Amino acid sequence: MSFNFQKAKPVIIVLILAGVLFLISQVRPGCTVTREPNEVRGMSLGSQLPDGSSVILLRGYYKCHEPARGEIAAFQAPGNAVPVIKVVRGVPGDQFSLTSDTTGGHLLINGNVQTTAEGQPYVLSENRVAFWTLYVNQFHGVIPPKAYMLLGNIPGGALDSIRYGFISSSQLIGKIQR
């Protein structure tokens, strides 16, 4: 048996064109993701990403993908030239509220008290409880579209949502890869 290239040529061309069209359909405009090596500076992610850890910033990743709970993301914080790296704890549509005990206020997402990687609950000062009470009232206890709650690993909060409130999708720079 022999292969007749001339007879198969139209089929091969159709398959190649179909493959090219499929690849083009998978690329969305503005979805360029670049890989940038970075070094973690600071202790706000504690044992998850210690100071000096090497990571890869997938810049532009969130232009193509929705942030998922548990991912580590970089965002542009107000007044901070260096990207801030935190964990996505709350996503649009999640229920959020506050509770308090003798240690202070605590953030709840979907009914669960938010804790650090070591299992310690985040503790909000009186000022932060007042700040977050405004958010609970304004947004009726639901994280709004295109808004995320990003938290570090320090129980009292750091340069994260405890201080800044929700992080807008437009502030997200990219996903962190270990």
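The values are calculated or read from the model by the stated rules, or taken from the named source; none is laboratory data. Computed from a prediction, not measured in an experiment: that's the story for all the values here. Virtual Cβ from ideal backbone geometry, glycine too; neighbours counted across all protein chains shown.
Side notes on the structure shown:
- Residues within region 144-178 that are assigned to a helix (DSSP H, G or I) and either in contact with a Ser or Thr (Cβ under 8 Å, 6 or more places away or on another chain) or under 24 Å from P121 (Cα atoms) (or both), tallied: 4
- When the residues of region 81-93 are filtered to those that are assigned to a loop (DSSP other than H, G, I, E, B) and under 26 Å from N137 (Cα atoms), the one that is nearest to the chain's Cα centre (by Cα) is V91.
- Scanning region 48-72 for residues that are of a type outside the set (K, R), within 12 Å of K175 (Cβ to Cβ) and touching a Gly at 6+ places or on another chain (Cβ under 7 Å) gives L57, L58, G60, Y61, Y62.
- Long-range neighbours under 7 Å by Cβ, at least six apart or interchain, first residue within 15 Å of G152 (Cβ to Cβ) and in contact (Cβ under 8 Å) with a residue 24 or more places away in the chain within region 119-138, second of a type in the set (A, V, I, L, M, F, W, C) and surrounded by 19 or more Cβ atoms within 10 Å (Cβ to Cβ): Y122/L107; Y122/L151; Y122/I162; L124/L107; L124/W132; L124/I162; R128/I162
- Number of the exception - S47 against (1) modelled with pLDDT under 90; (2) closer than 24 Å to P144 by Cβ; (3) of a type in the set (S, T, N, Q): (2)
- Complete set of residues in region 94-140 that are aromatic (F, W, Y), at pLDDT below 95 and outside any helix (DSSP H, G or I): Y122
- Against the list (1) touching an Asp or Glu at 6+ places or on another chain (Cβ under 7 Å); (2) crowded, with 16+ Cβ neighbours inside 10 Å; (3) not acidic (D, E), the condition N110 fails is (2).
- The set of residues from region 74-90 being touching an Asp or Glu at 6+ places or on another chain (Cβ under 9 Å), modelled with pLDDT of 90 or more and surrounded by fewer than 19 Cβ atoms within 10 Å (Cβ to Cβ) is empty.
- Some residue of region 48-66 being surrounded by fewer than 18 Cβ atoms within 10 Å (Cβ to Cβ), more than 17 Å from the chain's Cα centre (by Cα), touching a residue at least 12 places away in the same chain (Cβ under 8 Å) and part of a loop (DSSP other than H, G, I, E, B): yes
- Count of region 67-80 residues, restricted to those that are within 16 Å of the chain's Cα centre (by Cα) and free of Cβ contacts under 8 Å to residues at least 40 places away in the same chain, is 3.
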